[in-house]
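The values are calculated or read from the model by the stated rules, or taken from the named source; none is laboratory data. On a predicted model such as this, the values are computed, not experimentally measured, just so you know. Ideal geometry is used to build each Cβ from the backbone, glycine not excepted, and the neighbour counts take in all protein chains shown. Only protein heavy atoms, including side chains, enter the accessible area calculation; ligands, DNA and RNA are left aside. Shrake-Rupley method; radii C 1.70, N 1.55, O 1.52, S 1.80 Å.
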Amino acid sequence: MPSRTATAPQTTTEPASAGGGRRRGGVNREGLEAGKRSTRTILWILLAAALVLYGFPFLYLLFTSFKTPIDTIAVPPTILPKEWTLDNYINALGRNGVPASFINSIQTAVISTLLSLVLAVPAAYGITRYKTASGRVFIMAALVTRMVPPVAIGIPLASMMASVGLADTPIALSIAHTTISLPLSIWLMSSFFEAVPQDLEEAATVDGCSRLGALWRVVIPVVSGGIAVTAIFAFLASWNEFLFALLMTAVRSQTTPVVIANFQTQFGLDWGSMTALAAVYSIPVILLTLLLQRKIVAGMTLGAVKG
Amino acid sequence: MRIPDRRFALYLMTPAALFLAVFVAYPLFRLVTDSFFKISPIVGGPRDFVGLDNYIRAFTSEAFIGAGWRTLAYTLMVVTLEFTLGLGMALLFTTLGRKSQVWRTMFLYPLMIAPIVAGLLWKFLMIDNFGLLGTLLSQAGILKDPNQIGWLSNPDIVLFSVAVPDIWLTTSFMCLVLFAGLQNIPGDLIEAARLDGARAPSLLFRIILPLLRPVIAVALVVRGIDAARAFDTILIQTNGGPQSASETMSLLIYRTMIRFGDPGLASAMGTIYLLAMLAIAFVAVTTIWRPGKDT
């Protein structure tokens, strides 16, 4: 059984273990950077073009959400609205069940994030700090969990929840979402604990702290940045999840992604309202990304490697 | 009264292990047991043991075999395109160096968008008649008529069309991981190769890619697993149609369960799907990724 550092190619763990995605530059930077000025200019133009193309679809969604109904399905379509209106937003947000679905989404994501952290932090600490055989087995089992298709456990999970009277509740959906975020959280937290020097808590135990006390008062504060990264990922996983939400919710606990999907069938093709709701649902996480981009990059790189 | 370290570690892991046992392992056990029964879709309805009957029905069903091939084709297509585009972007960012950092951030945002929103968005771009994509392509002179390509209505190309949102969403993930890997290639190695007169292509194929191999392997395995489970984006764009031409495994299992109310058959399909994923992932991890062998 390979040790964890060996499981992950050393190369990619580096930016994340440095905490905020900062990378060791120095020598390598000169190596791959383009030298000639003209080459660089061409590359910048290429990059700008790629990013415009890449960003355009989402901008088009935003523009559409401000169009009037006739504009929305005009042939040929126009990029910008002929006439800007907020009607779609008023329509979408005022629709029955939409505000409630936002509350359900937030509730579900918060509960599943907390659940995921409460379970993952001690487990990851136990795995990293005491390199026991059971710990190694457990972390591999968590990796295997990532390969389970949600559709395979979604159906039995839904009937389990129904049989304990939790059908159609945010709790049931939070538990389902935790099955996705827990394995990733364990992997992420393990790498963050890996970076904590052991003498830190040894010193604390010598000073009379219990092992739990040392974990709580010394180690946890040191990895608080890592806990934040893990929390963001657990939150995003739940916020964007659709299949479990579709299988496990009905009227009371429906999350917004399910409502967005239902727009297609229930109200014909009301593109304006759909795009408005989709925009409103995306904006909080885009803002979150901009705010916390370094942390997210760190977690993403690590997440790819670990789980 | 100090408990031994080994047991202390075990206590720390127990809650998480119990959670996974109850909410992942047990449902999987239920899935496998259900696959041997003929189950009425009505709650509390009859359950009759039918042995391997559901498996035989799965393997003899055209829909199942078709979905298997489509899932494979979809996964290969998504991962190949994402890898090529992601590597291109990662190289671009690397050659441009530090100043590209702001741009890298902008490149990240689709990762945060819900797949369901991405699917909806691309459906709107590719839909017949008022989809913008056809119009733009015809204005650019590439197509004669905006509706020449029925992105979502032509069974021959629909599998490609439903892959587009997935590619759009996660190319930046691939780019990010490869970019991180590129940062760790020692600069003097590249310098030395340049001094020896190596040109860009041979630099890429002979030096950079071999050195990136572990990172590439991880990125491919992780994305492959995700692509093989695609559901949201396809469901909202085509619901598997036209004529099942975009029905992948997750969709087929979902529909077998919900639409056609056949939990037994759906469970058998789910079990086969799970085993296939595990087998392929195992082979990929041990042969391509080779954790701990040559990092």
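Worth pointing out:
- Diffusion constant of the stretch A:123-269 at 4 °C, which comes from Stokes-Einstein with the Kirkwood Cα-pair radius and 1.567 mPa s, µm²/s: 73 µm²/s
- Gyration tensor verdict on the stretch A:184-307 (Cα atoms; rounded if a/c is under 1.5, prolate if a/b is larger than b/c, oblate otherwise): prolate
- Computed accessible area, B:Phe59, all protein chains, 1.4 angstrom probe, square angstrom: 120 Å²
- Checking the Cα-Cα distances for A:Lys67/B:Lys144; A:Lys67/B:Lys99; A:Lys131/A:Lys295; A:Lys36/B:Lys123 against a 31 Å cut-off, the pairs over it are A:Lys67/B:Lys99; A:Lys36/B:Lys123.
- Each peptide in A:53-61, A:104-112 gets a packing score, the mean of other Cβ atoms within 10 Å over its residues, and the list from highest to lowest is A:104-112, A:53-61.
- Ranked by the mean number of other Cβ atoms within 10 Å of their residues, highest first, the peptides B:192-198, B:85-91 come out as B:85-91, B:192-198.
- Pairwise centroid distance, computed over Cα atoms, of the stretch A:194-247 with the stretch B:1-74, Å: 30 Å
- Environment charge at A:Val206 (Cβ cut-off 15 Å; Lys +1, Arg +1, Asp -1, Glu -1): -1
- If you take the Cα centroid of the stretch A:121-173 and the Cα centroid of the stretch A:61-105, the two points sit 38 Å apart.
- Rg and Dmax [Cα atoms of chain B; Å; Rg one decimal, Dmax integer]: 23.7, 83
- The mean count of C-beta atoms from other chains within 10 Å of the C-beta of residues in A:113-121, rounded to a whole number, is 2.
- Shape of the stretch B:113-244, Cα gyration tensor, a/c cut at 1.5: prolate
- The stretch A:76-121: C-alpha gyration tensor shape, a/c 1.5 cut-off, then a/b vs b/c: prolate
- Residue by residue along B:172-179, Cβ atoms of other protein chains within 10 Å of the local Cβ number 3 on average.
- Ordered from largest to smallest accessible area (heavy atoms of protein chains, 1.4 Å probe), the residues A:Cys209, B:Cys175 come out as A:Cys209, B:Cys175.
- For the stretch B:1-91, the average shadow cast by the Cα convex hull is 13.0 nm², which is a quarter of the hull's surface.
- For the protein assembly as shown, taking Cα atoms only, Rg and Dmax work out to 24.8, 83 Å respectively.
- Stokes-Einstein D for the stretch A:185-246, Kirkwood Rh over Cα pairs, 20 °C, 1.002 mPa s (µm²/s): 162 µm²/s
- Shielding by other protein chains, B:185-194, mean Cβ within 10 Å: 4
- Most tightly packed first, judged by the mean number of other beta-carbon atoms within 10 Å of their residues, the peptides B:159-168, B:279-288, B:254-263 read B:159-168, B:254-263, B:279-288.
- Note on chain A: Cα-only Rg and Dmax are 23.4, 76 Å.
- Rh by Kirkwood over Cα pairs, then Stokes-Einstein D for the stretch B:155-223 at 1.567 mPa s and 4 °C, µm²/s: 92 µm²/s
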